[in-house]
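Just so it is clear, none of the values below were taken in a lab; they were calculated from the coordinates. None of these values were measured; they are calculated from a predicted model. We place every Cβ from the backbone using ideal geometry, glycine too, and count neighbours over all the protein chains shown.
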Amino acid sequence: MTDVRGAQLDALVDRLSSGSDPIEFDGLRAAATEDGYALSTPEGDEHDTLSESELRAAAGDDDVAPYVTNWYYWEEVVGRRGRHRRAFLRHAEAANEHSVPERYAALEDGMHTEWGEVVVTATLGDDGERRYEIRHADDRDADPETLDRYDDPLDARELATYDDRGRYRPLKTAPSLVSGWVFEDLDGRDAVETLDVLYPASVANWNLEREGELDVTHWRETAERQTGIYDVVDELPREAVEWVSEACCVDSQCLKRREWQYEDGDDLAADGGAGAFPCREPCSLVVAAARKWTKLEEEGTHTYEFELTPSEKEQIEAIIDAVADGRVDEIREADVYEGANRYRTRYLRAKRFDDEGNLSGTPTHRDAE
Ligand code: SF4
């Protein structure tokens, strides 16, 4: 018997002898009675009037041991403090849906949970201990030897800071997390801490939502409490808030699922996304962008006249689409059939801009005519 296994049995005996409530956990039932110890599992193992040594022997039986090691892991190792962490780790092995033997069999192969752009894999270590691995979903099948290997959750900070072109990521939940790394052999605490560095507060908000306790702050309330330079965002028209959420909060831009609305009882029509974890209030990036849009929305419209061929109009629309969808870098120089192709765009500029940069020679402001 390993030292860990001996310590687990000591903990079981101590727990039952302490006079606290009987154990009823994931199918394991154990109690100290006047006639000795009782122990049973759903597999049909049923013992009572056991002496301490008989209890230790019964708890070590092949059928019973997984239930005991499982109890020890969840109650003594993970414990009840850190309820969000515990809930996530239980979720990572579908603990509320499957029996202990089913989970132990699945954990041997590894149980996978997608979280934003990463995959968390739970496996079974020695004596029922769980171990966790986190890597980018793009590296799902990669040999760990080919990845940069980490074991300190704080190392995730650097990974989350820049995208694969070295650009700062102001929104940690943008789908631009670099790949090529793996956090191996983590315990439950470090696994959840790593996720929290990659996607701050995602585990807590996910669990609060499951438990019906997510405190959502809608747009109006967020906008009205802004001060200083952001004070103006509460002047943004309602329809513009739709455009803000459509611009920033869809899955292609942010992996959180937007749960905030315009205000309580007034939902936005824009798609909130299908992310695993919720967004409970407009983030600082959205508020900062909304400040700019509030200023821009103060402008009235003008009617302009431009000389364009039908293809040139469509090309301008294609350029806007390509920029909005972040596809500009994918358009090859040779692909002149793409409206947002660089040479096509340069040609349009050469043809349609005047020396001041006005499209079709039309000034932006009337007084410039
Ligand atoms: S406000 Fe929108 S962009 Fe910001 S974190 Fe929430 S869902 Fe993402």
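Estimated from the Cβ-Cβ distance and a Förster radius of 30 angstrom, the FRET efficiency linking Ala7 and Asp155 is about 0.45.
A simple spin-label model places pseudo-atoms 7 Å from Cα toward Cβ; at Asp231 and Ser17 they are separated by 6.9 nm. Ranking of Val323, Val250 by neighbouring Cβ atoms within 10 Å, starting from the fewest: Val323, Val250. Where the alpha-carbon atoms of segment 80-210 are placed on the principal axes, they occupy 46, 35, 20 Å, in descending order. Taken over segment 310-368, the alpha-carbon convex hull comes to 91 cubic angstrom per residue.
Look at where the Cα atoms of segment 265-293 and of segment 155-173 average out, and the two centres are 21 Å apart.
Distance from the alpha carbon centroid of segment 242-257 to that of segment 108-147 works out to 28 angstrom. Per the Cα gyration tensor, segment 198-266 maps to an equivalent ellipsoid with semi-axes of 23, 15, 13 Å, ordered largest to smallest.
Counted over all Cα-Cα pairs of segment 209-327, pairs farther apart than 21 Å make up 48 percent. For segment 84-128, the alpha-carbon radius of gyration amounts to 1.12 times the rule-of-thumb value 2.2 N^0.38 Å expected for a compact globular protein.
Ranked for footprinting exposure by Cβ neighbours inside 10 Å, fewest first, Thr146, Thr217, Thr227 give Thr227, Thr146, Thr217. By other beta-carbon atoms within 10 Å, ranking Glu117, Glu145 with the fewest at the front produces Glu145, Glu117. In a reduced charge model with +1 at each Lys and Arg Cβ and -1 at each Asp and Glu Cβ, segment 219-297 shows a dipole moment near 400 debye about its Cα centre.
Taking 0.36 nm per residue of separation and subtracting the Cα-Cα distance, full extension of the segment from Glu305 to Ala105 would add 65.0 nm. Taking 30 Å as the straight-line reach from the Cα of Lys295, the lysines in range (excluding those fewer than 8 positions away in the same chain) are Lys172, Lys256, Lys313. Taking the Cα centre of the chain as origin and assigning +1 to Lys and Arg Cβ atoms and -1 to Asp and Glu Cβ atoms, the resulting dipole is close to 1400 debye.
Size descriptors for segment 271-369, from the alpha-carbon set: Rg then Dmax equal 18.1, 53 Å.
Shape call for segment 1-156 from the C-alpha gyration tensor, a ≥ b ≥ c root eigenvalues: rounded (a/c under 1.5), prolate (a/b greater than b/c) or oblate? Prolate, because a/c is 1.5 or more and a/b exceeds b/c. For Glu211 and Thr362, the FRET efficiency from 1/(1 + (r/R0)^6), where r spans their Cβ atoms and R0 equals 56 Å, is about 0.45. Based on DSSP H segments of at least four residues, each scored -39500 (n - 2.57), the chain has a per-residue ellipticity at 222 nm of -10500 deg cm²/dmol. What FRET efficiency comes out for the pair Arg140/Ser252, r = Cβ-Cβ distance, R0 = 25 Å, nearest 0.05? For R0 = 25 Å, the calculated efficiency reads 0.75. Here the gap between Glu76 and Glu184, fully extended at 0.36 nm per residue and compared with their Cα-Cα distance, gives a gain of 36.6 nm.
Averaging over all projection directions, the Cα-based convex hull of the chain occupies 26.3 nm² in the image plane.
Place +1 on the Cβ of every Lys and Arg and -1 on the Cβ of every Asp and Glu in segment 218-369, take the dipole about the Cα centre, and give the residue among Asn358, Ala270, Thr303 whose Cα lies farthest towards its positive end. Farthest along the dipole direction, towards plus: Asn358. What shape does segment 174-234 take by its C-alpha gyration tensor, where a ≥ b ≥ c are the square roots of the eigenvalues and a/c under 1.5 counts as rounded, a/b above b/c as prolate, and the rest as oblate? Oblate, since a/c reaches 1.5 and b/c is not below a/b.
Each residue of segment 3-76 gets 76 Å³ once the volume of the Cα convex hull is shared out per residue.
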